[in-house]
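The values are calculated or read from the model by the stated rules, or taken from the named source; none is laboratory data. Since this is a predicted model, take the numbers as computed values, not measurements. All Cβ positions, even for glycine, are placed from backbone atoms using ideal geometry, and neighbour counts span all protein chains on display.
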Amino acid sequence: MRTIAFLVRRSLRQHALSTAVTAGAAALACGLVLSVFSVTAQARDAFVRDPGFDAVLGAKGSELQLVLNSVFHLETSPGNIPWSLYEEFREDPRVALAIPYAVGDNYRGFRIVGTTPEIFEVEYAKGRRYGIAVAEGQRLGRFFQAGNREAVLGSRVAEATGLKVNDAFHPTHGADAEGHVHEDEYTVTGILAPTNTPADRVVWIPIEGIFHMEGHVLRGSGEEHDPEPDEEIAQEHKEVSAVMLRLKGEAAGFALKIKARESGVATLAWPIANVMQDLFDKLFWFVRILEIVAYLVVAVSMAGILASLYNTMNERRREFAILRALGARKGTVFASVVSEAAAIAAAGALLGYLVHALVVAAAAHTLRTETGVVLDPFAYHPVLWAAPLGILALGALAGLLPATKAYRTDVAANLAPTS
Amino acid sequence: MDALVVERLKKAYVAPDGERVPVVDVQDLRLAEGAQAALKGRSGSGKTTLLNLIAGVLRADEGRIVVAGEEITALPEAGRDRLRAERIGYVFQTFNLLQGLTALENVLLPMMLRGAPDRARAAALLERVGMNGRLDYRPAQLSVGQQQRVAVARALANRPALVLADEPTGNLDEQHADEALGLLRDVCRENGTALLVVSHDARVLGRFERVLALKELNRA
């Protein structure tokens, strides 16, 4: 083994350029496989994990759009439902918690969500509630008070906009940062600690603020109502974009789904995790294509190892003949070539982790910036050991053909002097 | 005990037309322990084939070869490889150093193949052949004379019973040829190693007390 390792090291050193190129190709292949499998698995986990609610009630239409809009704060709102329907569900004995969301404005592209202070008591993940951030031992403000023109910023919003506690800002109408700027001025009362969820990209304000926002028109009664700034708005005019629900058991979900359908104006997206699971199942073909591309890149890189070694076999016939003349067994020559191929693949597999780290870092940054969802670069996935081992095995396999050629070297013929 | 015994050795090649062409037919050749001899013969007379048979690189059709008491012709390929690694040193006309290895590594290699690498001995051998200070040079960084010195050191690496040298001065000029041959003979003598040199060069042959004519030995 020691002799084979010595021969392999020296040969790799002697053919440093082709070693570097083929190991680089193997690294890209390994990194691609690692990235495709681990990033898709992590993305699935991130989007399918429990968001702290069981169901979302919203305007009649697509459940997926409702979930993307209210849980992930992506997409446009599918429309509004009357305040009375929110109250009806809140009072339903099968509902444990109902929190209304009203959307329609943004600040520098970050969504503004009008809601009630109860949102800050929700467990958005097991054992974790929204909390005010702490910096240098000081809490960064407080939650907003219902009815006031106050705002609480998600951590990513604060980071990107530079807004601090007591700063004032004017919301912009719609989802476009370049839209109409409302006259209403809001004061930042608090900044939330990072949650690594889409909530980090949200500006939370009291729901009354959305109702009273300059230019907003309420249609809860079926007719348009343009409220005065200090008006006590009648319940019939109010409307909400979604109601986030926590239910009392699974049976409640089935019954409330029917209840929402029977209202004629609403849809209940339940269970939320299943809605997102369905989305990923529909995207399965795309993931399969990525996997196939990754496998093809692996095949090409392994073919590269085979070709680069095989092409050197003719010029190395004399080297093998010398080794044999010095007493090397045929098996030693064979094993040294297979080991050389495996060593190139192993170097590629190790470098593949670096490629994987770069890809995951880029994907995580993009996903966090665009959705607030955070990937865990260190999350365990079986591909993290299976892919490098597979690359190593395939590399050794790619070395079999050149090794066979080396094994069959005619010693006497190749020891003869060449002119 | 003789370092080399060759008896009734025959080897033939099959020509493209299917005819068997005898190349080697040696009835008796012996070399005592530590003895030195030259084997003369013209080009194409089967000198290299005979050396390859003795080294076990080629298999004989008939006859027996005994190296340091072990019959190499009775051994399977793996056994011949082992015997070659342990008991036979080889010096080639074109030196046949491995280009990717340094001078020191070229000398260490036969020891590693035998499973007993000894850097100190490899360095000492290189110093003995005048290569001190160039242990880490690659073959391409050495002159032809220096390369042949490394090849001599490599042949002696495993304290062989027999060194086979095939036209060892064929690629050297007159001065370097004399030096290399003198060195080879001296080093073999110091190590108690038998030496069999094949050559067609009269000046080389003239340096040996015992010169065997292949045309007399070889009936092929």
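Details
One line per residue, one yes/no per condition, for (1) among the hydrophobic types (A, V, I, L, M, F, W, C); (2) part of a loop (DSSP other than H, G, I, E, B); (3) at pLDDT below 90:
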| residue | (1), (2), (3) |
| --- | --- |
| A:268 | yes, no, no |
| A:280 | yes, no, yes |
| A:285 | yes, no, yes |
| A:289 | yes, no, no |
| A:299 | yes, no, no |
| A:309 | yes, no, yes |
| A:312 | no, no, yes |
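- Residues that are farther than 22 Å from residue A:150 by Cα and of a type in the set (Asp, Glu), drawn from segment A:80-112: A:87, A:88, A:91, A:92
- Condition check for residue A:380: among the aromatic types (Phe, Trp, Tyr) and modelled with pLDDT under 90: yes
- Tally, over segment B:74-98, of residues that are hydroxyl-bearing (Ser, Thr, Tyr) and surrounded by fewer than 23 Cβ atoms within 10 Å (Cβ to Cβ): 1
- Filter result (out of contact with any Asp or Glu (no Cβ under 8 Å at 6 or more places or on another chain), touching a residue at least 24 places away in the same chain (Cβ under 8 Å) and surrounded by fewer than 15 Cβ atoms within 10 Å (Cβ to Cβ)) within segment A:370-388: A:376
- Unique residue being within 10 Å of chain B (Cβ to nearest Cβ), small (Gly, Ala, Ser), more than 24 Å from residue B:151 (Cα to Cα) and surrounded by fewer than 24 Cβ atoms within 10 Å (Cβ to Cβ) when the list is A:304, A:331: A:331
- Residues (in contact (Cβ under 8 Å) with a residue 40 or more places away in the chain and either of a type in the set (Asp, Glu) or surrounded by fewer than 20 Cβ atoms within 10 Å (Cβ to Cβ) (or both)) located in segment B:6-26: B:7, B:8, B:10, B:12, B:22, B:25
- Among the residues of segment A:1-18, those identified as surrounded by 20 or more Cβ atoms within 10 Å (Cβ to Cβ) and either more than 10 Å from every other protein chain (Cβ to nearest Cβ) or of a type in the set (A, V, I, L, M) (or both) are A:4, A:7, A:8.
- Residue satisfying condition, being touching a Ser or Thr at 6+ places or on another chain (Cβ under 7 Å), closer than 15 Å to residue B:51 by Cβ and surrounded by 20 or more Cβ atoms within 10 Å (Cβ to Cβ), within set B:196, B:181, B:214: B:214
Every residue, every condition in (1) touching a Leu at 6+ places or on another chain (Cβ under 7 Å); (2) not aliphatic (A, V, I, L, M), yes or no:
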| site | (1), (2) |
| --- | --- |
| A:275 | yes, no |
| A:281 | no, yes |
| A:286 | no, yes |
| A:310 | yes, yes |
| A:318 | no, yes |
| A:326 | yes, no |
| A:329 | no, yes |
| A:337 | yes, no |
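- Complete set of residues in segment A:226-266 that are within 27 Å of the chain's Cα centre (by Cα), assigned to a strand (DSSP E or B) and of a type outside the set (A, V, I, L, M, F, W, C): A:246
The rows are residues; the columns are (1) closer than 21 Å to residue A:211 by Cα; (2) in the same structural domain as residue A:376 (by TED's automatic domain parsing); (3) among the β-branched types (Val, Ile, Thr); (4) at pLDDT below 95.
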position	(1), (2), (3), (4)
A:139	no, no, no, yes
A:163	no, no, no, no
A:187	yes, no, yes, no
A:194	no, no, no, yes
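- Strands (runs of 3 or more DSSP E) (entirely within segment A:62-149) containing at least 3 residues that are over 21 Å from residue A:270 (Cα atoms): A:95-107, A:110-115
- Unique residue being surrounded by fewer than 24 Cβ atoms within 10 Å (Cβ to Cβ) and within 14 Å of another protein chain (Cβ to nearest Cβ) when the list is B:53, B:101, B:29: B:101
- Any hit, segment B:113-121, residues being facing chain A (nearest Cβ under 7 Å) and on the phi < 0 side of the Ramachandran plot: yes
- Contact map, segment B:162-176: residues that are at positive phi paired with residues that are aliphatic (A, V, I, L, M) and outside any loop (DSSP other than H, G, I, E, B), Cβ distance under 8 Å, separation 6+ or inter-chain. Pairs shown: B:167/B:198.
- Against the conditions (1) closer than 22 Å to residue A:274 by Cβ; (2) in contact with a strand residue (DSSP E or B) (Cβ under 8 Å, 6 or more places away or on another chain), residue A:209 satisfies every one except (1).
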